[in-house]
Amino acid sequence: MSTLPNPAPLVTQANAEFWAATADGRFQLQRCNECDTVLWFPRRHCPSCWTENVSTFDASGKGVIYSFTIIRKGAMLYKDAGPFVVAYVELAEGPRVMTNIVDCDVETVKVGMPVEVVFHDTGQGNALYRFRPAAN
Amino acid sequence: MSIRGAAYIAGIYEHPGRDLPDKTVWDIHIDVALGALADAGLAMEDVDALFCDGTAGFGVLTLADYFNINPTYVDSTETGGSSYLAHVGHAAAAIAAGKCHVALVTLAGKPKSGWQGPSFSPGPEAAFEQVWGMMGAPHSYALAAQRHMYEFGTTSAQLAEIKVAASIHAQYNPNAFLQKVVTVEEVLNSPMVADPLHRLDCCVVTDGGGALVIVSPEIAKKLGKTNAKILGHGEAVKHTNNGRIDLTHTGAVWSGPKAFAEAGVTVKDINYASIYDSFTITVLQTIEDLGFCEKGKGGTFVADGGLVAPFGKLPFNTDGGGLCNNHPSNRGGITKVIEAVRQLRGEAHPAVQVPNPQIALAHGTGGSLGSRHGSVTLILGQEDA
């Protein structure tokens, strides 16, 4: 299994609330109060009806792998990571989010595999949301 | 208003170099500009419209200054490797509107000899895409390939057929970066970069550039260069759709129908196609999305020499494409247009020249299939097309 680096994300005015919540082990999503759309990635306006009337909620942290790749040799911070997986996970709430799949042999990763969120502390006041095969 | 027949591509030039450590990107911009203008029979002082991507310094300001010309119509549309096809469409529209008469499009870059290219300021998505170890285009395109395989049963051997066809063409191009014909087995046995893409599923990394000169019908007639009439253009941005990205198709599903409708032709009329080939999967998805075959059947379409010129079902990328010939500045759009014009002129290598082609298609894909990209489709034809 690969050991991945935990680079701090680029925290901005638009995403500060999301990243602050990851420090408490919470994966938050936004929902539009006007049209019920679940938003991804965090932002001020609903991208379906463009209202600013959106609220934040704690997501389930569950999903399935929509697609993935095994990067055989990483670069920069990931250069010593060994083979690792980047994936789109389709969350139970709808959005497909880019992430890493961890805590499993990379060769066992499959499209459609159920996964659950885990958090890896960046040491910068937030944590990266990654996903591992879901417990049965 | 339509651009059908409103403008012609009168000048083309592809820099012959693939490794240019002794030239600056600005030298290359001038080299290719002069080359395309000479091909058209025009001079730098004839240019009244200038087009370049967002990588050329401060865009048209930098280039107009360095070329020392005074264009009165400019456009720095930046859609990655598809930018130059967009420039052709925009130039044709500007010419149709009477805004300009001689438009110059240039591209130059030196990724092979170490020039890093531009760094764009991070967008709002950066925090959610740049921490996972995705370091290059192969990683992103691999996500699209994996999903296409899952939904449609596409195989690595089918993707490899695309590289094989490109390599068959490249053997006739003395400037091609890779001139050796490869087999499906060689593609499959090349090192895995990002599953399911092998090293030979990827395009080459080359220095170089290219240029195009687009002119009004009046000027084309004077120059005697009327065999690359611009018939249709369509462009689109395919993006992540609020976190609902569909990795199985490209923006060609939108740019293609617009270009075909404007040109008044269908896929059956296309005699030759330049299909953007950053990776084998880019070609496969684009062929499906343009309607050359049913969605999901691209693997079958490309098998058994379907893309091999001159007699395959869809002769493609007869210069060897980005997969074998050239991908200057990590952007293959301008060479797509150049080879389509060569085909229409009958100037492709005799071994891969399609007999008397009437209508050619060029398609660009810039950015990433795994996140967001620009798709641009051009349809070009002979004078009476």
So for the range B:15-30 (the condition being in contact with a Pro (Cβ under 7 Å, 6 or more places away or on another chain) and among the aliphatic types (A, V, I, L, M)), does at least one residue qualify? no
Only listed residue being open to solvent by 40 Å² or more (accessible area, probe 1.4 Å), within 11 Å of chain B (Cβ to nearest Cβ), on the phi < 0 side of the Ramachandran plot and in contact (Cβ under 8 Å) with a residue 60 or more places away in the chain, chosen from A:Leu29, A:Leu91, A:Leu77: A:Leu77
So for the range B:1-17 (the condition being polar (S, T, N, Q) and either over 23 Å from the mean Cα position of the chain (by Cα) or within 30 Å of B:Ala170 (Cβ to Cβ) (or both)), does at least one residue qualify? no
For B:Asp75, work out the one condition from (1) under 21 Å from the mean Cα position of the chain (by Cα); (2) modelled with pLDDT under 95 it doesn't fulfil. (2)
Selection within the range A:35-73 - of a type in the set (Ser, Thr, Tyr), within 11 Å of another protein chain (Cβ to nearest Cβ) and farther than 19 Å from B:Phe128 by Cβ: none
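When residues of the range A:95-136 are filtered for being of a type in the set (Phe, Trp, Tyr) and open to solvent by less than 40 Å² (accessible area, probe 1.4 Å), how many remain?
Final tally of qualifying residues: 2.
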Any hit, the range B:87-108, residues being within 21 Å of B:Leu284 (Cα to Cα), open to solvent by less than 40 Å² (accessible area, probe 1.4 Å) and of a type outside the set (Ser, Thr, Tyr): no
I'd like the residue in the range B:329-376 that is within 14 Å of chain A (Cβ to nearest Cβ) and small (Gly, Ala, Ser) and, out of all such residues, is least open to solvent (accessible area, probe 1.4 Å). B:Gly370
Take the conditions touching an Asp or Glu at 6+ places or on another chain (Cβ under 9 Å) and either β-branched (Val, Ile, Thr) or over 26 Å from A:Pro95 (Cα atoms) (or both) and apply them to B:Thr240. Does it pass? yes
Looking at B:Ser278, B:Ser255 in this structure, which one is of a type in the set (Gly, Ala, Ser), open to solvent by less than 10 Å² (accessible area, probe 1.4 Å), touching a helix residue (DSSP H, G or I) at 6+ places or on another chain (Cβ under 8 Å) and modelled with pLDDT of 95 or more? B:Ser278
Does B:Asp195 fit the bill of being within 14 Å of chain A (Cβ to nearest Cβ) and within 22 Å of B:Gly333 (Cα to Cα)? no
Within the range B:224-237, restricting to residues that are out of contact with any Asp or Glu (no Cβ under 8 Å at 6 or more places or on another chain) and crowded, with 24+ Cβ neighbours inside 10 Å, the one that is farthest from B:Ala40 (Cα to Cα) is B:Ile230
Residues that are among the polar types (S, T, N, Q): list the strands (runs of 3 or more DSSP E) wholly contained in the range A:17-136 that include at least 3 such residues. none
Looking at the range B:290-303, can you tell me whether even one residue there is at pLDDT 95 or above, among the aliphatic types (A, V, I, L, M) and within 13 Å of the chain's Cα centre (by Cα)? no
Residues (free of Cβ contacts under 8 Å to residues at least 24 places away in the same chain and open to solvent by 40 Å² or more (accessible area, probe 1.4 Å)) located in the range B:187-223: B:Asn189, B:Pro191, B:Met192, B:Arg199, B:Lys221, B:Lys222
Does A:Ala135 satisfy the condition of being out of contact with any His (no Cβ under 8 Å at 6 or more places or on another chain) and more than 10 Å from chain B (Cβ to nearest Cβ)? yes
Only residues that are in contact (Cβ under 8 Å) with a residue 40 or more places away in the chain and more than 13 Å from chain A (Cβ to nearest Cβ): list them for the range B:115-141, please. B:Trp115, B:Gly117, B:Pro118, B:Phe120
If you go through A:Val109, A:Val115, the only one that is β-branched (Val, Ile, Thr), more than 8 Å from chain B (Cβ to nearest Cβ) and more than 20 Å from B:Val193 (Cβ to Cβ) is A:Val115
Over the range B:60-86, the set of residues closer than 20 Å to B:His15 by Cβ and open to solvent by 30 Å² or more (accessible area, probe 1.4 Å) is B:Thr62, B:Tyr66
Given the structure, is B:Glu45 under 27 Å from B:His233 (Cα atoms) and of a type in the set (Asp, Glu)? no
For the range B:142-160, give me each residue that is more than 7 Å from chain A (Cβ to nearest Cβ), part of a helix (DSSP H, G or I) and either closer than 17 Å to B:Thr240 by Cα or open to solvent by 10 Å² or more (accessible area, probe 1.4 Å) (or both). B:Ala144, B:Ala145, B:His148, B:Met149, B:Glu151, B:Phe152, B:Ser156, B:Ala157, B:Gln158
Could you tell me whether any residue of the range B:74-83 is away from every other protein chain (no Cβ under 13 Å) and of a type in the set (D, E, K, R)? yes
Can you confirm whether B:Thr248 is within 14 Å of another protein chain (Cβ to nearest Cβ), within 22 Å of the chain's Cα centre (by Cα) and either buried (at least 20 other Cβ atoms within 10 Å of the Cβ) or of a type outside the set (A, V, I, L, M) (or both)? yes
Residues being of a type in the set (Ser, Thr, Tyr) and in contact with a strand residue (DSSP E or B) (Cβ under 6 Å, 6 or more places away or on another chain) - total across the range A:1-50: 2
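The values are calculated or read from the model by the stated rules, or taken from the named source; none is laboratory data. All values derive from a computational prediction rather than experimental measurement. Quick reminder, even Gly has a Cβ in these numbers, built from the backbone with ideal geometry, and neighbours come from all protein chains shown. These area figures cover heavy atoms from the full protein model, side chains too; ligands, DNA and RNA do not enter into them. Shrake-Rupley method; radii C 1.70, N 1.55, O 1.52, S 1.80 Å.
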